[in-house]
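To keep things clear, I will list the structure first and then write my remarks on it.
The values are calculated or read from the model by the stated rules, or taken from the named source; none is laboratory data. Source: prediction; values computed, not measured. Every residue, glycine among them, receives a Cβ derived from its backbone with ideal geometry; neighbour counts consider all protein chains shown. Just so you know, the surface numbers come from the protein's heavy atoms only, side chains and all, with ligands and any DNA or RNA stripped out. Shrake-Rupley method; radii C 1.70, N 1.55, O 1.52, S 1.80 Å.
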Amino acid sequence: MSRQIRIGIDTGGTFTDVVAVDEATGEVATTKTPSTPADPAEGFLAGVDKVLGQLGLGGDSVSAVSHGTTVATNKLLEGKVENLGFITTAGYRHILEIARQSVPDGYGNSYFWVKPPRIVPADKVRTVTERIAVDGRELTPFDEDEAVAAARFFRDHGISTIAVCFLHSYVNPGHEQRMREVLLREHPEATVSISSEVMREYREYERSMTTLVDAAVKPSIRRYIANISRRLDEFVALEDGTSRRVPFYVMKSNGGVLSAEEVVHQPITTVLSGPAAGALGAAMVAGAAGFPSVLTCDGGGTSTDVTVVVEGHPALTTEGSVGVYPSKIPMIDVVTVGAGGGSIAWVSPEGTLKVGPQSAGADPGPICYGQGGVEVTVTDAHVTMGRIPPHLLGGEIPLDVDAARAGLEQLAERLGLSLERTATGVLEVSAWNQANALRQITVKRGLDVRDFMMVTFGGSGSLLACRLVDVLGLKGVLVPLNPGNLSAFGLLTVDVRNDYVRTAVARHDRLDLAEVSRVLDELAAEADGALEREGFEPSRRRYVRTADLRYFGQAFEVRVEIGDGPVTRELVDAVAERFHAEHRRLYGYDFTDDDRQQVEWVNLRVTGVGPIRRPELVEVAAGTGAASARTGSRQVHFGEEWTQAAIYDRERLGAGDVVTGPAVIEEFGSTVPLHPGFRAEVDRFGNLLITRATEETTR
């Protein structure tokens, strides 16, 4: 039987990362190839071809492909949302203008904050007379004449992407469905999203925005997936020319994957899916190493993404956003900070040193890239201080150290500091930016950052690892094998997941158990249908039931598991007890013994899970001592003074080998500067476990 290879492909703005796993032996091959924004399929297939070439195989050996894409995310972050229309209930035309009263952090009060432009200007909002009550009753009939007029308005003005959100349609979607029928009849070229299919949850502003974002990215995601699917089918054809289709999965922001055929109907679920894959890959690697609860730090060229993993599960949220656009879809809770390798160092009007969030990107990139960049970046500081080699990707990309040094000297002159103090300052500010993001992701969940190990990955994720241990008091850092490709590896570790939600507000003491059971059964039936379409046998389908609860009068909810079994008074009381305990863990108090504080149920949720076989982590050979991996030494500045640091080739390190700082550990896609006073030990899976030299790492 021919070898069967599963491939994970994570397409970024600069590089496309590829990981291939042999399903029989567990052999792993990794590579990177330049991304091709003009035609992403070119970079995608070039990566597949390159990694198969390393294994000496052809396209007919590919058994499945999982893909992470930033198409939807980039469209929103770059503000490329235009020619969008919105239809809502008569009397609510300005729901997008009013939005919420909350003011973003960093503004003392609303007088200094100017609302960003709306995703749809008011002149492209149409209303239709209709009204559904909060319990699903029809209060005002659907006015088809007004619906036709709205559809023709958009058709005549060339607006072909339209979102529909009627009041309380999460309870009764009938009017929204009729509006879609009118749009497809009067304006057949239109792409339409209706809120009752995107998010059946209350809070009209967030539901409207989520539906609009779904509509905005739907055309580009459909074109993107169709193009890559077609090209992939051609590439994996059998040697005799017989066409075939391999399972092609796309990463979702909730930590699952979905087939390409299904994801085009839920394009918003791909937003922020890249960081999700990395967090899941880190969770698997850390769990195997004996650390079920970790922080993750994914450092790229433009930004760093951090999240927290508790008992093997990355934290989820429905309070996320993409740029200025709020989104209520379930997503792994990621905090992003503008502290990547390309982040620009600059001087504020007050004369202080700042780093980011502006980035030099890949073009022109840092000064040391030699492509016309003139602004000092974090990468320039690292290469000037000797913390990274004078080249990237094993020598494929040479770095101009002298040019980086000259740029830093100019910045140092403006600040009145020495070259070394300026470079150290750039790296110190960047480290504190990352540290603040890591504190944010833990403190808001009632967690102590000092209780965690941290997993660093991505091209720049490990460069400040030792400094972050000192700043945050972390237990240590785990750097996996091939850290630059961990997000692509993470794509191969996730299951098919579909989330379904229904708002059903009720006080706990007045809960209608039959109604709760009915809604949960309906949601489970939707999840079951999706898993059936994905090809999962009934015996392999799993369902996770959760509920969002709060104390009566609160404006936010806490999610807890419902558990399996029939909906009985004992079951719902157990759910309420879980809510009290989780509220106490998160906020330090609860009202378990206070009868005046009633518990209120808000949303019921069911997640359908279709398990996909995960790759097995392969143990590395025992080491023969770190000295055999040493390739030389060079002068490196770790913040205090220049020192002679040993250089090690990570590929030549084996299990049990120990490297002590000062040292630099180099590999194809990443570098680990090991500061004085730190040690790195290679575990049985090839991970580097970095700790203070005087401390033991406890699992």
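Keeping to region 49-63, report how many residues are outside any helix (DSSP H, G or I) and surrounded by fewer than 19 Cβ atoms within 10 Å (Cβ to Cβ). Lay out the reasoning, then the answer.
In the first step, residues of region 49-63 are kept if they are outside any helix (DSSP H, G or I); the result is 56-58, 62-63.
Within this subset, residues satisfying the condition of being surrounded by fewer than 19 Cβ atoms within 10 Å (Cβ to Cβ) are 56-58, 63.
Counting residues in region 49-63 that are outside any helix (DSSP H, G or I) and surrounded by fewer than 19 Cβ atoms within 10 Å (Cβ to Cβ) gives 4.
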### Query
Restricting region 322-333 to residues that are buried (at least 18 other Cβ atoms within 10 Å of the Cβ) and farther than 15 Å from Glu204 by Cα, which is modelled with the lowest pLDDT?
Val322
### Query
Which condition number does Arg100 fail, the rest of (1) within 25 Å of Asn254 (Cβ to Cβ); (2) at pLDDT 90 or above; (3) open to solvent by 10 Å² or more (accessible area, probe 1.4 Å); (4) not β-branched (Val, Ile, Thr) being met?
(2)
### Task
Scan region 249-278 and report the pairs whose first residue is farther than 18 Å from Gly535 by Cα and whose second residue is open to solvent by 20 Å² or more (accessible area, probe 1.4 Å) and aliphatic (A, V, I, L, M), with Cβ atoms within less than 6 Å and a gap of 6+ or a chain change.
Ser253/Leu272; Gly255/Leu280; Pro275/Val334
### Message
Return the pair list, or none, for Cβ contacts closer than 7 Å from residues in region 398-419 that are in contact (Cβ under 8 Å) with a residue 60 or more places away in the chain to residues that are part of a helix (DSSP H, G or I), at least 6 apart or on different chains.
### Response
Leu411/Thr422; Leu415/Thr422
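Quick one: in region 223-236, of everything that is more than 20 Å from the chain's Cα centre (by Cα), assigned to a helix (DSSP H, G or I) and in contact (Cβ under 8 Å) with a residue 40 or more places away in the chain, which residue is nearest to Thr11 (Cα to Cα)? Break it down stepwise before answering.
Taking region 223-236 and keeping what is more than 20 Å from the chain's Cα centre (by Cα), we get 223, 226-236.
Applying the additional criterion that residues be assigned to a helix (DSSP H, G or I) yields 223, 226-235.
So of that shortlist, the ones also in contact (Cβ under 8 Å) with a residue 40 or more places away in the chain come out as 227-228, 231-232, 235.
Details: Asn227: 15, Ile228: 12, Arg231: 16, Leu232: 15, Phe235: 18 Å.
Applying the filter and picking the extreme gives Ile228.
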### Task
Please find, among Gln410, Gln371, the residue that is open to solvent by 60 Å² or more (accessible area, probe 1.4 Å), polar (S, T, N, Q) and not in a helix (DSSP H, G or I).
Gln371
## Note on the structure
If you go through Gly287, Gly312, Gly281, Gly340, the only one that is touching a helix residue (DSSP H, G or I) at 6+ places or on another chain (Cβ under 8 Å), closer than 30 Å to Glu681 by Cβ and open to solvent by 30 Å² or more (accessible area, probe 1.4 Å) is Gly312
### Query
Within region 244-253, can you find the residues that are open to solvent by 10 Å² or more (accessible area, probe 1.4 Å) and touching a Ser or Thr at 6+ places or on another chain (Cβ under 8 Å)?
Val246, Pro247, Phe248, Tyr249
### Count - residues of region 360-376 that are within 28 Å of the chain's Cα centre (by Cα) and either under 23 Å from Thr643 (Cα atoms) or free of Cβ contacts under 8 Å to residues at least 12 places away in the same chain (or both)
2
### Task
Name, by its number, the condition in (1) modelled with pLDDT of 85 or more; (2) surrounded by fewer than 21 Cβ atoms within 10 Å (Cβ to Cβ); (3) within 29 Å of Gly255 (Cα to Cα) that does not hold for Gly79.
(1)
### Those residues of region 462-483 which are in contact (Cβ under 8 Å) with a residue 60 or more places away in the chain, touching a helix residue (DSSP H, G or I) at 6+ places or on another chain (Cβ under 9 Å) and not in a loop (DSSP other than H, G, I, E, B), in sequence order
Arg467, Leu468, Gly476, Val477, Leu478, Val479
### Task
Examine region 30-46 for a residue that is touching a residue at least 24 places away in the same chain (Cβ under 8 Å), open to solvent by 50 Å² or more (accessible area, probe 1.4 Å) and not in a helix (DSSP H, G or I), and state whether such a residue exists.
yes
#### Entry: Members of region 572-617 found to be part of a loop (DSSP other than H, G, I, E, B), charged (D, E, K, R) and surrounded by fewer than 17 Cβ atoms within 10 Å (Cβ to Cβ), listed by number
Asp593, Asp594, Asp595, Arg596, Arg613, Arg614, Glu616
### region 462-502, subset hydrophobic (A, V, I, L, M, F, W, C) and over 22 Å from the mean Cα position of the chain (by Cα), residue surrounded by the most Cβ atoms within 10 Å (Cβ to Cβ)
Cys466
### Matching residues, region 618-645, being surrounded by 21 or more Cβ atoms within 10 Å (Cβ to Cβ) and either part of a loop (DSSP other than H, G, I, E, B) or out of contact with any Ser or Thr (no Cβ under 9 Å at 6 or more places or on another chain) (or both)
Ala629, Phe638
### Query
Of all residues in region 550-571, how many are over 17 Å from Arg502 (Cα atoms) and not in a loop (DSSP other than H, G, I, E, B)?
4
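Have a look at Gly535, Gly588, Gly553 and point out the one that is small (Gly, Ala, Ser) and more than 24 Å from Thr317 (Cα to Cα).
Values: Gly588 fails: more than 24 Å from Thr317 (Cα to Cα); Gly553 fails: more than 24 Å from Thr317 (Cα to Cα).
The match here is Gly535.
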### Pair list, Cβ < 7 Å and 6+ apart or interchain, from region 130-157 residues that are over 14 Å from Pro188 (Cα atoms) and hydrophobic (A, V, I, L, M, F, W, C) to residues that are open to solvent by 50 Å² or more (accessible area, probe 1.4 Å) and in a helix (DSSP H, G or I)
Phe142/Arg178
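Checking the condition over 30 Å from Asp548 (Cα atoms) and either at pLDDT below 95 or open to solvent by less than 10 Å² (accessible area, probe 1.4 Å) (or both), which residue from Val198, Val148, Val182, Val171 passes? Give the derivation first.
Values: Val198 fails: over 30 Å from Asp548 (Cα atoms); Val148 fails: either at pLDDT below 95 or open to solvent by less than 10 Å² (accessible area, probe 1.4 Å) (or both); Val171 fails: over 30 Å from Asp548 (Cα atoms).
Just a single option satisfies the conditions, and that option is Val182.
Determine, yes or no, whether Gly654 is among the small types (Gly, Ala, Ser), touching a Ser or Thr at 6+ places or on another chain (Cβ under 8 Å) and open to solvent by less than 10 Å² (accessible area, probe 1.4 Å). Break it down stepwise before answering.
Details: among the small types (Gly, Ala, Ser): yes; touching a Ser or Thr at 6+ places or on another chain (Cβ under 8 Å): yes; open to solvent by less than 10 Å² (accessible area, probe 1.4 Å): yes.
It is true that Gly654 is among the small types (Gly, Ala, Ser), touching a Ser or Thr at 6+ places or on another chain (Cβ under 8 Å) and open to solvent by less than 10 Å² (accessible area, probe 1.4 Å).
Would you be able to say whether some residue in region 485-508 is farther than 30 Å from Ala680 by Cβ and without any contact (Cβ under 8 Å) to a residue 12 or more places away in the chain? Give the derivation first.
Filtering region 485-508 for residues farther than 30 Å from Ala680 by Cβ gives 495-508.
Those still in the list that are without any contact (Cβ under 8 Å) to a residue 12 or more places away in the chain too: none.
Among the residues of region 485-508, not one is farther than 30 Å from Ala680 by Cβ and without any contact (Cβ under 8 Å) to a residue 12 or more places away in the chain, which makes the answer no.
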### Query
Which condition does Gly394 not pass, out of (1) assigned to a helix (DSSP H, G or I); (2) of a type outside the set (D, E, K, R); (3) in contact with a Gly (Cβ under 7 Å, 6 or more places away or on another chain); (4) at pLDDT below 90, if it passes all the others?
(3)
### Query
Of (1) of a type in the set (S, T, N, Q); (2) in contact (Cβ under 8 Å) with a residue 60 or more places away in the chain; (3) open to solvent by 50 Å² or more (accessible area, probe 1.4 Å), Ser670 satisfies all except one. Which?
(3)
### Message
Please count how many residues of region 430-461 are part of a helix (DSSP H, G or I), open to solvent by 10 Å² or more (accessible area, probe 1.4 Å) and in contact with a Leu (Cβ under 6 Å, 6 or more places away or on another chain).
### Response
1
### Task
Tally the residues that are over 18 Å from the mean Cα position of the chain (by Cα), open to solvent by 10 Å² or more (accessible area, probe 1.4 Å) and modelled with pLDDT of 80 or more, restricting the search to region 1-20.
3
### Summary
Given (1) among the β-branched types (Val, Ile, Thr); (2) more than 22 Å from Val217 (Cβ to Cβ); (3) at pLDDT below 95; (4) in contact with a strand residue (DSSP E or B) (Cβ under 6 Å, 6 or more places away or on another chain), Val114 misses just (4)
